[in-house]
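A.B. asks: Following this message is one structure expressed as structure tokens.
The values are calculated or read from the model by the stated rules, or taken from the named source; none is laboratory data. Computed from a predicted structure; not experimentally measured. Quick reminder, even Gly has a Cβ in these numbers, built from the backbone with ideal geometry, and neighbours come from all protein chains shown.
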Amino acid sequence: MNTTDRFNKARISIMRHPRFCRYSGVMACGTTKLTTDVRTACTDGWNTYFNPEFFKDFTDPQLRLLILHEQQHKAYRHNVVWRTLWREDSRLANIAADHFVNLSLIEMDNGEGFLSMPAVGVQPDPQYHGWSVIQIYKHLKENPPPDAGGLDDHDWEAVDGDPSDAQAQQELDQVRLRQIDQALRQGEILAKRRAQALGLTADLGFDGLLHPKVDWRRALREFVSEHCAGTDESTWRRPSRRYLAHDIYMPSMQGTTMTRLAVVLDTSGSCFNSTEATRFVSELAAIIEQVNPATIDVLYVDTQVASHQTFENGQFAVAELKPRGGGGTDLPVAFDYLLKHQIKPDACVVLTDGETPFGQPPGYPVLWAVTSNVRSPHGTTVYIGD
């Protein structure tokens with residue numbers, strides 16, 4: 001059997017496997033090509049390339065792992081989500097992503113032997129069990145690893161795109177991410193049906209990707225507190241009364257709240273009128289009351305900034321919100337609006353149903369609170385549907 005036939009056989013066996021068949025939809029995303037133009041194997045987050053000379057001596061389980069290795073990068077959107085790590089240290093970003101992928105695949109195999117790790121590449125390390133890519137990356141920065149050689153390459157440059165056409169690249173990213181999300185859902189349905197047909201118990205598989213279990217209230221509270229909480233500073237202009245009685249001149253502490261929070265509300269369709277949105281805004285109001293930023297800019301956005309309210313000195317109240325909009329959705333116009341009006345918040349919280357382009361990072365921290373399972377390629381995303 002030649003390498004092309006072996007490769008196709010490996011793909012078919014993956015699609016027929018009761019557990020790994022959930023990758024079938026992801027494998028259908030993008031182009032799969034056998035070529036000697038790549039050193040080993042490679043993905044740009046959408047397309048995958050495999051050098052037949054590289055895997056010709058692999059066993060069938062090793063070849064299946066190689067194929068799934070690329071699909072795992074795609075499924076977890078590594079080329080998009082962690083491109084900032086690549087810009088910082090491309091070598092460590094590659095190693096961290098490979099640690100995550102190889103360990104998760106071997107753990108999914110659970111000793112069955114359907115997959116096997118080749119001798120080349122980053123070997124699965126049990127110490128990283130349950131770690132995210134960024135956690136592994138930070139650990140590697142503190143403990144620089146030797147160069148073990150790669151099982152594959154990650155074409156971060158293709159994802160990075162042409163800086164002169166960043167808008168087109170962003171739109172393409174979002175289309176592909178939505179298609180991969182759909183492929184993941186289709187894969188989960190297929191795996192559950194296959195398990196039922198065989199009388200097996202269906203495992204969760206991609207459930208963590210499709211339905212991330214995050215305490216959004218805690219995440220929201222920590223985000224706002226971290227970036228917008230006031231601080232105390234000492235001042236000699238107002239002596240401390242506590243020590244004046246003892247004829248001691250000491251500075252007093254005065255609270256400062258020189259912080260600004262932007263809140264962007266997606267007012268397209270039914271997003272702002274949803275139950276999730278009501279709970280979110282109520283929770284946000286309680287947090288703001290505790291943190292007390294000096295200024296809060298509330299922007300109501302569909303395809304443009306339909307309205308802008310400013311609250312100062314703790315006057316933010318849900319009853320005072322006056323939503324405007326009702327058209328389509330293009331939330332990055334809010335970032336353009338803030339820039340145009342020379343408003344630079346310390347942080348920004350965005351409430352959306354996720355049916356929007358996400359634009360480029362605006363230069364300040366952004367928390368995306370979404371009522372669907374869509375994730376932003378930049379900033380922090382929390383799901384508020386539960």
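A.B. asks: If you check Arg185 against the conditions, is it at pLDDT 70 or above, of a type in the set (Lys, Arg) and farther than 20 Å from Leu367 by Cβ?
C.D. replies: When the stated conditions are applied, Arg185 passes them.
A.B. asks: For segment 348-364, which positions are at pLDDT 90 or above and surrounded by fewer than 21 Cβ atoms within 10 Å (Cβ to Cβ)?
C.D. replies: Hits for segment 348-364 are Pro362, Tyr364.
A.B. asks: Identify the residue in segment 124-133 that is surrounded by fewer than 16 Cβ atoms within 10 Å (Cβ to Cβ) and within 12 Å of Phe100 (Cβ to Cβ) and, among all such residues, is modelled with the highest pLDDT.
C.D. replies: My answer is Asp125.
A.B. asks: Just checking, which of Ser307, Ser274 is of a type in the set (S, T, N, Q) and either modelled with pLDDT under 90 or not assigned by TED's automatic domain parsing to the domain that holds Ser376 (or both)?
C.D. replies: After ruling out the rest, the residue left standing is Ser274.
A.B. asks: Only one residue in Phe358, Phe311 is in contact (Cβ under 8 Å) with a residue 40 or more places away in the chain and of a type in the set (Phe, Trp, Tyr). Which one?
C.D. replies: When all the criteria are applied, what remains is Phe358.
A.B. asks: Among the residues of segment 316-329, count how many are surrounded by 19 or more Cβ atoms within 10 Å (Cβ to Cβ) and free of Cβ contacts under 8 Å to residues at least 40 places away in the same chain.
C.D. replies: Residues flagged as surrounded by 19 or more Cβ atoms within 10 Å (Cβ to Cβ) and free of Cβ contacts under 8 Å to residues at least 40 places away in the same chain within segment 316-329 amount to 1.
A.B. asks: Here is a further query. Could you list, in sequence order, the residues of segment 318-347 that are modelled with pLDDT under 85 and at positive phi?
C.D. replies: Gly325, Gly326
A.B. asks: Could you list, in sequence order, all residues of segment 298-315 that are touching a strand residue (DSSP E or B) at 6+ places or on another chain (Cβ under 8 Å) and surrounded by 14 or more Cβ atoms within 10 Å (Cβ to Cβ)?
C.D. replies: Across segment 298-315, the qualifying residues are Val298, Leu299, Tyr300, Val301, Asp302, Val305, Ala306, Ser307, His308, Gln309, Phe311.
A.B. asks: Which one is nearest to Pro365 (Cα to Cα) among residues in segment 330-352 that are hydrophobic (A, V, I, L, M, F, W, C) and free of Cβ contacts under 8 Å to residues at least 40 places away in the same chain?
C.D. replies: Looking at residues that are hydrophobic (A, V, I, L, M, F, W, C) and free of Cβ contacts under 8 Å to residues at least 40 places away in the same chain, I get Phe335.
A.B. asks: Of all the residues that make up segment 72-95, how many are within 13 Å of the chain's Cα centre (by Cα), polar (S, T, N, Q) and over 24 Å from Gly25 (Cα atoms)?
C.D. replies: 1
A.B. asks: Here are the criteria: (1) without any contact (Cβ under 8 Å) to a residue 40 or more places away in the chain; (2) within 20 Å of Asp147 (Cβ to Cβ); (3) surrounded by fewer than 17 Cβ atoms within 10 Å (Cβ to Cβ); (4) in contact with a Phe, Trp or Tyr (Cβ under 8 Å, 6 or more places away or on another chain). Tell me which single one Thr35 does not satisfy.
C.D. replies: (2)
A.B. asks: Filter segment 365-377 down to the residues that are in contact (Cβ under 8 Å) with a residue 40 or more places away in the chain and surrounded by fewer than 19 Cβ atoms within 10 Å (Cβ to Cβ), then identify the one that is farthest from Leu338 (Cα to Cα).
C.D. replies: Top of the filtered list is Asn373.
A.B. asks: Condition test on Phe335, is it surrounded by 17 or more Cβ atoms within 10 Å (Cβ to Cβ), of a type in the set (Phe, Trp, Tyr) and either under 30 Å from Val80 (Cβ atoms) or not assigned by TED's automatic domain parsing to the domain that holds Glu222 (or both)?
C.D. replies: When the stated conditions are applied, Phe335 passes them.
A.B. asks: Take the conditions acidic (Asp, Glu), closer than 30 Å to Pro118 by Cα, surrounded by fewer than 16 Cβ atoms within 10 Å (Cβ to Cβ) and modelled with pLDDT under 65 and apply them to Asp162. Does it pass?
C.D. replies: It is false that Asp162 is acidic (Asp, Glu), closer than 30 Å to Pro118 by Cα, surrounded by fewer than 16 Cβ atoms within 10 Å (Cβ to Cβ) and modelled with pLDDT under 65.
A.B. asks: Moving on. Would you check if Asp98 is touching a Gly at 6+ places or on another chain (Cβ under 8 Å), without any contact (Cβ under 8 Å) to a residue 60 or more places away in the chain and either farther than 29 Å from Lys33 by Cβ or assigned by TED's automatic domain parsing to the domain that holds Lys33 (or both)?
C.D. replies: Yes.
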